[in-house]
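The values are calculated or read from the model by the stated rules, or taken from the named source; none is laboratory data. Keep in mind it's a predicted model, so treat the numbers as computed, not measured. When we count neighbours, we look across all protein chains shown, and the Cβ atoms used for this are built from the backbone with ideal geometry, even at glycine. The accessibility values were calculated without ligands, DNA or RNA, using every heavy atom of the protein model including side chains. Shrake-Rupley method; radii C 1.70, N 1.55, O 1.52, S 1.80 Å.
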Amino acid sequence: SLTLARSIPQGVDELNNMGPFDLFQTQMETGNSEAKIDAMKRLPVVAYAMGTTTVQSDLLPYLQQVALSQPPMDDELLLLMAKQIQTFVPALLTKPSEVMELLPIVERLAAVEETVVRDEAVVLMNHLCTNMGNQTANSSTPLDASVVTTLVSMAKRLVGADWFTAKVSAAGMLPALHTLTKYSELSYLFKELCLDETPMVRRAASQHLGSFISTLQGGSKDKAANDLIPVLQQLCKDDQDSVRMLAVASMADVGPSFGKTPDWTKEYFLPLLKEGSTDTSWRVRHNLAKKFSDVAINLGFQGNSKYANDQALVVACFVSLLSDAEAEVRAAAVGHFARMVHWGGSALFSNYLMPLLPSLADDVVMEVRSKTALAIMDSSEGGTLDDSLIVQTFGPLLEGFLQDEFQEVQLQVLGNLHKLSHLLNGMNGVVSSILNMSKATNWRVREGVAKLLPHLAEARGLDFFANVLLEPAWLVLLLDPVACVRTACVAGMPVLVNAAGQDWMVQHILPQHVRIYNHAASGSYLIRITILQAHAATAFACGEDGGENSSGAGGTLWNDTVLQMLRGLVDRVANVRMVAAQGITKIVTAEDPAQVAVVQAQILPALESRMAEEEDVDCRQACSEAL
């Protein structure tokens, strides 16, 4: 590298004879900080070139010296070191005893002032723990006692440090350490962090408390879990809202094992959920709203009639977040609306959530309306709600969303309305709104309409498509000035073929496409390309279509579209010829006997004559691939 060349005083001959480690060390010991960073970025290359043995004997002691040097190295260097060392394991250092040699570096980085370096040190430690766990699982031999002792000693030193930085890092490392070692004393160390007098430490402990509780194998019967519950309760009542917000949300991370004993979660977690949803600080409510459905699922009430009242209480807490005074809280809660509908079932939806929908749909904040539109779509899937309830409740709301002043809200509906395509028969207002939107000035809205039109043919029938959608919407969008809109129409061809059948396509759609192509013969080559792509998508769908209306590949529709595509091979514009050849490549499947005659008689001669005359390199490439 040029940086290396500029930073090292040695000549070319000397550089040739230097080994990877000497090169790395020389570059690290120049006064130039840019050169040091360059060297640290190449640390994996150096390590792989040296091999495992010399990494252990030379490189690791040197890195340890760099990490512990006083005054400390630049934060950027230490951050890079933490990231690059992760590549050593398991590629170079596999055994737990080898990995242990990295601990002094991890411990030093975990106590640095700079937050990003400490966070990366936590990531590194968790990476080492995961790999040591995998190694012991694969070799089915338990972790060596000396390794456990070394890891626990490091954890104790971090937790007992004088300054808060090491304790904050310890909170992030303890869950992974406990998963690996199963050492009971670690839960007491974690408890110590939770009760620390420094808010920063309590905040870090609150953030990782759920993850730590999830590592306790015994679930609600585990003594350590029952010891940590009073700590969780205390953190949820902490005088600092930054601690409370993380403690309440940590219930989302405890995992499903506690939900197997709903009596226990009802006693300990439900009151905390209830208090969190009505906390005086909006930040606490906001953080709970962001994780609400995960917390609810971990309670284990769903599907058990004994806990119907408790389930209703959880939904009531959710309702209070949905109708919160702060827009951020409402927006975060609406993101969990669909999961809560499926979690609570149809009855709780009708009693608690349905009455809120009109106010959410008319919310002053665009993000809330946009997320409500998406939530309605997702709630309709999965069979939780009856079709009649969906049409009756959601139909009017969807009409409102489609007429919203913000395109983001409209696009949420257009992009997901295909999930409700089977119900569009009962939503006349929605269908007429979609037709009006085909003339929208925003191209993304037109693209959304183009994607939906084939689904409308499926839902409302072919007469409706031919009489209402074909001329004013479909053919107009197929000629749209924006390529993405035209491509959306092309992508919908297979849906249309499957819904309509090949005979209908031959009678109604193909003549229109041929007419447009003929009309564009002297006009825009882009329109000709679009029509050829539509032909290719149609013919490809014929090969896929095995329905009762189909005659498969080799039927009339397939033959007619192939003949139209062969016209593209003799077009005067190279791009059109290339698209035609690419389309032919896509639609011919060698296994189909019905195609063989057309391939032999028409496609092969056309491609061969094109190859003989073709001067454009890309066209020749496309033709040779097709052949």
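Filter segment 255-297 for residues that are of a type in the set (Val, Ile, Thr) and touching a Phe, Trp or Tyr at 6+ places or on another chain (Cβ under 8 Å); which is nearest to Glu326 (Cα to Cα)? I'd like the intermediate steps shown before the answer.
Kept after step one, since they are of a type in the set (Val, Ile, Thr), are these residues of segment 255-297: 261, 265, 278, 280, 284, 295, 297.
Those left that are additionally touching a Phe, Trp or Tyr at 6+ places or on another chain (Cβ under 8 Å): 265, 295, 297.
Details: Thr265: 29, Val295: 21, Ile297: 25 Å.
Top of the filtered list is Val295.
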Across (1) within 22 Å of Val123 (Cβ to Cβ); (2) surrounded by 20 or more Cβ atoms within 10 Å (Cβ to Cβ), Met200 clears everything bar (2)
For Val148, are the conditions met, namely being more than 16 Å from Ile105 (Cα to Cα), surrounded by 12 or more Cβ atoms within 10 Å (Cβ to Cβ) and at pLDDT 90 or above? no
Subset of segment 593-603, residues closer than 18 Å to Arg567 by Cα and surrounded by fewer than 14 Cβ atoms within 10 Å (Cβ to Cβ), comes to Gln600, Ala601
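Quick check on Val562: is it closer than 21 Å to Thr538 by Cα and open to solvent by 20 Å² or more (accessible area, probe 1.4 Å)? Even if it seems obvious, please write down each step before you answer.
Details: closer than 21 Å to Thr538 by Cα: yes; open to solvent by 20 Å² or more (accessible area, probe 1.4 Å): no.
Criteria not met by Val562.
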So the helices (runs of 4 or more DSSP H) completely within segment 244-323 holding 1 or more residues that are β-branched (Val, Ile, Thr), at pLDDT 90 or above and in contact with a helix residue (DSSP H, G or I) (Cβ under 9 Å, 6 or more places away or on another chain) are 282-290, 292-299, 308-322
Leu228: passes all of (1) open to solvent by less than 30 Å² (accessible area, probe 1.4 Å); (2) hydrophobic (A, V, I, L, M, F, W, C); (3) over 21 Å from Leu348 (Cβ atoms); (4) at pLDDT 90 or above but (4)
For segment 301-309, indicate whether the set of residues that are of a type outside the set (Lys, Arg), buried (at least 20 other Cβ atoms within 10 Å of the Cβ) and closer than 15 Å to Ala247 by Cβ is non-empty. no
A careful count of residues in segment 66-79 that are more than 40 Å from the chain's Cα centre (by Cα) and either small (Gly, Ala, Ser) or at pLDDT 85 or above (or both) gives 1
Those residues of segment 147-187 that are free of Cβ contacts under 8 Å to residues at least 24 places away in the same chain and assigned to a helix (DSSP H, G or I) come to a total of 2
Could you please let me know if Gln407 is in contact with a Lys or Arg (Cβ under 8 Å, 6 or more places away or on another chain), open to solvent by 40 Å² or more (accessible area, probe 1.4 Å) and of a type in the set (S, T, N, Q)? yes
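Open to solvent by less than 10 Å² (accessible area, probe 1.4 Å), within 28 Å of Asn32 (Cβ to Cβ) and either out of contact with any strand residue (DSSP E or B) (no Cβ under 8 Å at 6 or more places or on another chain) or acidic (Asp, Glu) (or both) - does that describe any residue in segment 84-93? So that I can check it myself, show each step before the final result.
Here is the first cut: in segment 84-93, the residues open to solvent by less than 10 Å² (accessible area, probe 1.4 Å) are 85, 88-89, 93.
Cutting the leftovers down to within 28 Å of Asn32 (Cβ to Cβ) gives us 85, 88.
Next, from what is left, pick out any that are either out of contact with any strand residue (DSSP E or B) (no Cβ under 8 Å at 6 or more places or on another chain) or acidic (Asp, Glu) (or both): 85, 88.
Yes; the residues of segment 84-93 include at least one that is open to solvent by less than 10 Å² (accessible area, probe 1.4 Å), within 28 Å of Asn32 (Cβ to Cβ) and either out of contact with any strand residue (DSSP E or B) (no Cβ under 8 Å at 6 or more places or on another chain) or acidic (Asp, Glu) (or both).
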(request) Check segment 583-592 and report whether any residue there is surrounded by 21 or more Cβ atoms within 10 Å (Cβ to Cβ) and modelled with pLDDT of 85 or more. (result) yes
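From Thr278, Thr265, which residue is open to solvent by 50 Å² or more (accessible area, probe 1.4 Å), under 16 Å from Leu313 (Cα atoms) and of a type in the set (Val, Ile, Thr)?
Values: Thr265 fails: open to solvent by 50 Å² or more (accessible area, probe 1.4 Å).
The conditions single out Thr278.
Condition check: at pLDDT below 85 and closer than 30 Å to Ala500 by Cα. Does Gly552 satisfy that? Give the steps one after another, and end with the answer.
Working: at pLDDT below 85: yes; closer than 30 Å to Ala500 by Cα: yes.
Yes: the conditions hold for Gly552.
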Per the list (1) surrounded by 20 or more Cβ atoms within 10 Å (Cβ to Cβ); (2) within 26 Å of the chain's Cα centre (by Cα); (3) over 20 Å from Gln410 (Cα atoms), residue check on Ile376 breaks on (3)
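From the list Gly344, Gly395, which one is more than 23 Å from Val445 (Cα to Cα) and open to solvent by less than 50 Å² (accessible area, probe 1.4 Å)? Let's see the steps before the verdict.
Details: Gly395 fails: more than 23 Å from Val445 (Cα to Cα).
After ruling out the rest, the residue left standing is Gly344.
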